[in-house]
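Comments concern the structure below.
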Amino acid sequence: MSTTEAKQTDVHVHTVRIVLPAHLRTIAGIAGEVPVTVEGAVTTRSVLDVLEADHPRLAGMIRDRHTQRRRAFVRFFACARDLSHDEPDAVLPDAVAQGSEPFLVVGAMAGG
C-alpha cells in the first residue's frame with residue numbers, strides 16, 4: 001500500500017446534522033435539518049465550510065466572508081452547550097460527529 005493510499009484510508013468521514021433558523025433555511029431553499037459530510041476533524045469551521053460550499057447562498061450569512069468570524073447575532077450550540085465563543089478549530093462533541101446530536105445555528109435576539 002502506498003503512503004497516499006494509507007493517508008486516504010485514515011480520513012474519517014462524518015455526517016453532521018445542522019439545524020438552521022427559518023430565515024436561513026428560506027435563503028438556502030432548504031427544509032428541515034441539513035446533513036453535511038465532513039472529512040477529517042469535525043469542527044465548527046469544517047462544518048460551516050461544507051455547509052457554505054453545499055449552499056453558497058449562505059456564504060456571509062453565518063460568518064463574515066473575509067474574516068470567517070461568526071456574525072454578531074448568530075450563536076452555535078451542540079449537546080446543550082453554547083459553542084459560540086469556542087475556537088473555530090475546536091473539535092465538536094462526539095455526539096455531533098456521530099450524528100446523534102445536531103449542530104444548531106441560532107439567530108440571537110437583542111432589545112428590551
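Bear in mind that the values in this text are calculations on the coordinates, not laboratory data. Remember, predicted model here, so these are calculated numbers, not experimental data. Cβ atoms come from the backbone with ideal geometry, glycine included; neighbour counts cover every protein chain shown.
Could you compute the net charge surrounding VAL34? Neighbours are other residues with a C-beta less than 15 Å from the C-beta of VAL34; K and R count +1, D and E count -1. Net charge in that neighbourhood comes out at -2. The charge dipole of the chain, taken about the Cα centre with unit charges on the Cβ atoms of Lys, Arg (+1) and Asp, Glu (-1), comes to about 540 debye, rounded to the nearest 20. Counting every alpha-carbon pair across the range 70-112, the share separated by more than 17 Å comes to 33%.
Once the Cα-Cα distance is subtracted from the 0.36 nm per residue extended length, the ARG81 to ALA22 segment shows a gain of 19.1 nm. Roughly what angle does helix 44-54 make with the longest principal axis of the chain, taking Cα atoms, 0 to 90 degrees, to the nearest 10? That helix lies at roughly 90 degrees to the long axis.
Please work out, to two decimal places, the log10 of the ratio I(q)/I(0) at q = 0.13, 0.14, 0.17 Å⁻¹ from a Debye calculation in which every Cα of the chain carries one identical scatterer. Here the Debye-derived log intensity ratios amount to -0.50, -0.57, -0.81. Between PHE73 and ALA95, the C-beta separation translates, for a Förster distance of 22 Å, into a calculated FRET efficiency of about 0.25.
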